[in-house]
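What follows is one structure encoded as structure tokens, with my remarks underneath.
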Amino acid sequence: MITKEKGLYVAVIVLMIAMASLSGYTFASSQQHTPVYSPVLQGTGTESQKNTLSVTGSGLTSVESDLAKVSLGVTTQATTATDAIQQNAQKMTQIINALKGLGISEDDMTTQRFNLYPVYSSKPEIDPPTILAYRVSNVIVIDVHDLKIVGKVIDTATGAGANEVQGVSFTLSDKEYKKIKISVLQIAAEDAKTKAETMATSLGVEIIGVLQISESGFWYQQNRVLLDGASASPAAPETPIKPGDVQVSATIQVTYIIQ
């Protein structure tokens, strides 16, 4: 029979994990899988050492995204590298100014990629490779906090000169991330507690404390939308973008002291 009040172990577990790991981020893609741990019961031959029961608790939930990251940019080409860069800079400035007109702060725009590379002759087997032009690609990521204007952001950028739209990722802001992490850890702690109590009862032992707690993994799956194109004409309908939910998961490893 378990002697501790219900919820005591959960509160201790969540508090210890939150203090140790809340400030850190661990991201994983949808291909990653949470490792599976089997319950472990350890006994010792001496009274100076503790008998323990180790379990893994897991938590999974789905939440609405509150942040969209739009990846788009502009590619230019000219006979000289200087001209290609200047043309690109001019168009990117137009794009940034147009986005500011939607109320998006420049702090919410980050350069993701900037490339300058030569364009060679297409017939190297006939003539020695010759540089015909230079191409510049500049891609930025825009953090959109108002998910209702994601389509308008894409249309405004393409209308201002963007000719490269890579996609949209629906994710979590820092504030929402911290809040949901606590919630999922609570679910994982409840799961660990239930498993430990079930096994302890079945084995006829008693849980008298918690020896060790560690966070095995925490991840969330971003909802990414790939775009083939976007409307650049003011008369065209707004590009429809529908946000999706974000799957959030956590696992913890808990070692209980038993007698």
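Being over 30 Å from SER214 (Cα atoms) and modelled with pLDDT under 95 is a property that SER122 has. With respect to (1) assigned to a loop (DSSP other than H, G, I, E, B); (2) over 28 Å from the mean Cα position of the chain (by Cα); (3) surrounded by 14 or more Cβ atoms within 10 Å (Cβ to Cβ); (4) not basic (Lys, Arg), the lone exception for ASN88 is condition (1).
Of the residues LEU147, LEU116, only one is surrounded by fewer than 15 Cβ atoms within 10 Å (Cβ to Cβ) and among the aliphatic types (A, V, I, L, M); which?
Numbers: LEU147 fails: surrounded by fewer than 15 Cβ atoms within 10 Å (Cβ to Cβ).
The conditions single out LEU116.
Need a quick list: strands (runs of 3 or more DSSP E) entirely within region 108-185 having at least 3 residues that are within 30 Å of ALA250 (Cβ to Cβ) and either out of contact with any Lys or Arg (no Cβ under 8 Å at 6 or more places or on another chain) or among the aliphatic types (A, V, I, L, M) (or both).
Working: elements: 109-120, 131-144, 164-171.
Hits in region 108-185: 131-144.
When you scan region 212-219, do you find a residue that is among the small types (Gly, Ala, Ser), modelled with pLDDT under 90 and farther than 30 Å from ASN138 by Cβ, even just one?
Yes, region 212-219 contains a residue that is among the small types (Gly, Ala, Ser), modelled with pLDDT under 90 and farther than 30 Å from ASN138 by Cβ.
Each residue in region 128-144 was checked for being buried (at least 19 other Cβ atoms within 10 Å of the Cβ) and touching a helix residue (DSSP H, G or I) at 6+ places or on another chain (Cβ under 9 Å), and 6 of them qualify.
The values are calculated or read from the model by the stated rules, or taken from the named source; none is laboratory data. This is a predicted model, so every value here is computed, not measured. Note: ideal-geometry Cβ built from the backbone for every residue, glycine included; neighbour counts use all protein chains shown.
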